[in-house]
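Report on one structure; see the data block that follows.
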Amino acid sequence: MKTMKKNISALLIALVALLVLAMPAFAAETGASADDQSAQTTVAEAAEDEETGEDTVTSTKAIASALAIGVAAVAGCIGMATVSSKAVEGIARQPEAEGKIRTTLMLGLVFIETAIIYALLAVILIIFVL
């Protein structure tokens, strides 16, 4: 149990570090010179800015989708491992209750997997609808 808590803590620390390191990717450019600021925006520059904006939205969707499905998958795996280990432990303690424990185990695994599939549907909506 202690090693599982250490693994979860390490995973959360890695996730926070990843999010903190990804922040500069969203920072706005501030290195424009005075000549660039005083010049009028041409049609070509406006089209380029619009294209860059679309690229930013696409990259933001990709990062959000990856984080959402990654967190759902990791949480689902941890939940499934916990449920499975407890079911095996319960069967070892009471072999005569194997049928009931197995039925409950399968039902619990289905609910966990359903939550992961809902996360996948949310990711698909993020990518294609928003």
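General remarks:
- The string of couplings for segment 8-14 from the Karplus curve (6.51, -1.76, 1.60, θ = phi - 60°) is 5, 4, 5, 5, 5, 5, 5 Hz, one whole number per residue in order, with x for Gly and Pro.
- Solvent-accessible area assigned to carbon and sulfur over segment 82-130 amounts to 73 percent, based on a 1.4 Å probe.
- Probe 1.4 Å - accessible area at residue 117, Å² to nearest ten: 90 Å²
- Accessible-area value, residue 61, 1.4 Å probe, nucleic acids and ligands omitted, Å²: 50 Å²
- Accessible surface of residue 125, taken over heavy atoms with a 1.4 Å probe and every protein chain present, rounds to 100 Å².
The values are calculated or read from the model by the stated rules, or taken from the named source; none is laboratory data. Nothing here was measured: the structure is a model prediction, and the numbers come from that model. The accessibility values were calculated without ligands, DNA or RNA, using every heavy atom of the protein model including side chains. Shrake-Rupley method; radii C 1.70, N 1.55, O 1.52, S 1.80 Å.
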